[in-house]
Amino acid sequence: MDPGTPDPVAGLADQRFRRAVAIRDWLLGEAREITDPNVILEGLCLRLRDAGVPIDRGISAIELRHAEAAANARIWEHGTGAAREHLFAHGQDGSALTGRRPLAVAHERDEWLRLRLAETPDDAYYMVADLKARGYVDHVSIPVVLLNGMRCGFTFATKSAAGFSDDDIAVLRTVFPALAALMEILVAVHRIMREVLGMYVGHEPHRRILSGDVRRGEVLRIRAAILFADMRNYTGLTSSMPAEAATDLVNQYYDCIVPPVDERGGEVLKFIGDAVLAIFRAGEGEETEACWRAYAAAQAGLVNVDAQQSFEVGIALHFGETAYGNVGSGARLDYTVIGRDVNLAARIASLCGAEQRRLLVSSAFKRHIEGAGLKPLGTFDLKGLPEPEEVFEPGPTPPPP
């Protein structure tokens, strides 16, 4: 079934053709305004059924550009409610199944793949036996290659005893160009922008960038508890390591620090070499709560480091104001976080190494968690800051995170 077959609507009755065109118009019009892809898939399948195509199951499959997920599939089955999403982690389902997935074969052949299941051996593809057992009769795989090279696509299956008719396939071919265009818009333009930006610049910066905050010098001020974590002696630990081993070590370190921040509502703003900068936002009257969340995240991170036993970490906590800002030159900008309070947190993190302490907090931070049992370490002149800073550390038995 060559997707380039000429005149796919030849022979379609006027009524079915009009319904197919109506679906195409819906895909390029109203469906573009729908933010939930599950709703779009369900709407498409129901409209195809209204046009006489006996679809009982529809699946959209999309490659992802995501740090943790390699692909997702959205599945709609007639009579079972709304469509649902399933994410596949990198390496999940392995390459052993790749050649046995109909959609993968359709991509290899660069054509639609039709399986009349009664004529297809159970071991031809991994899902044939299951589809037969559930009463499916006919299955069509439709490959879509986006302009950026991502391999996506759709599959449709029916339980109708006669399977899909030639007219049913013609309706699908009539709709397909609009369906592929909508997938390009939703995936390449919207989802990839959101996910890739979110991975590299964080939630708040990516949201602001997409909303048009792209001019140099624009600043957003936020009051927050600031967490600055630094791996000790990273240069010494990695000086004789190959690049792959050094990368693995720093990722182990990030795995100790980042999840506790995420779990307690913090935001990681920057990875700065072997340092992590995170904030816990504080609205009006929420300063104490934000500081306790940051303190708990720091304690949990140190517990994770203890379990690794392959490196040491110094963590500084401070409360103050951070400023998101666009910095750079010409067309090359970076969305970064700046300000005196960020610098103060970084200097206290450096003090952890000099004083051989794992967790230190500023006087501003201590004022918001008086019940933490913190004790003074001393007053220090910190590089680049005009006034000495009194610094505190946990007492002998700090509260558990």
**Message:** Is the C-alpha gyration tensor of the stretch 278-353 telling us rounded, prolate or oblate? Criteria: a/c under 1.5 is rounded; beyond that, a/b larger than b/c is prolate, otherwise oblate.
**Reply:** oblate
**Request:** Using only the Cα atoms of the stretch 229-334, build the gyration tensor, take square roots of its eigenvalues as a ≥ b ≥ c, and label the shape rounded, prolate or oblate: rounded if a/c is under 1.5, else prolate if a/b is larger than b/c, else oblate.
**Result:** oblate
**Message:** Please compute one quarter of the surface area of the Cα convex hull for the stretch 215-394 and express it in square nanometres.
**Reply:** 11.4 nm²
**Complete:** Sequence order, the stretch 73-79: Karplus ³J(HN,Hα) from phi using 6.51 cos²θ - 1.76 cosθ + 1.60, θ = phi - 60°, Hz rounded, Gly and Pro as x, gives 10, 10, 10, 10, 10, 4, x
**Request:** Pull up all non-local amide H partners of residue 312: gap of 5 or more, or a different chain, and H-to-H distance under 5 Å with H placed in the peptide plane.
**Result:** 232
**Message:** Going by amide H atoms built from the backbone, whose H comes under 5 Å of the H on residue 56, apart from near neighbours?
**Reply:** 157, 158, 159
**Message:** Run the reach check for residue 132 against lysines, Cα to Cα strictly under 20 Å, same-chain hits fewer than 8 apart removed. What comes back?
**Reply:** 159
**Item:** Peptides ranked, highest mean first, by Cβ atoms within 10 Å: ranges 269-275, 370-376
**Value:** 269-275, 370-376
**Asked** So who's got an amide H within less than 5 Å of the one on residue 270, skipping anything under 5 residues away but keeping other chains? H placed 1.01 Å off N, in plane.
**Response** 277
**Asked** Under the Karplus relation 6.51 cos²θ - 1.76 cosθ + 1.60, θ = phi - 60°, what is the ordered set of whole-Hz ³J(HN,Hα) values for the stretch 49-63, x standing for Gly and Pro?
**Response** 4, 4, 7, x, 8, x, 6, 10, 8, x, 10, 10, 10, 9, 5
**Item:** Simple spin-label estimate for residue 145 and residue 86 in nanometres, 7 Å along Cα-Cβ
**Value:** 2.7 nm
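Read-outs throughout are calculated quantities, based only on the coordinates presented, and are distinct from any laboratory measurement. These numbers were taken from a predicted model, which means no experiment stands behind them. Note: ideal-geometry Cβ built from the backbone for every residue, glycine included; neighbour counts use all protein chains shown.
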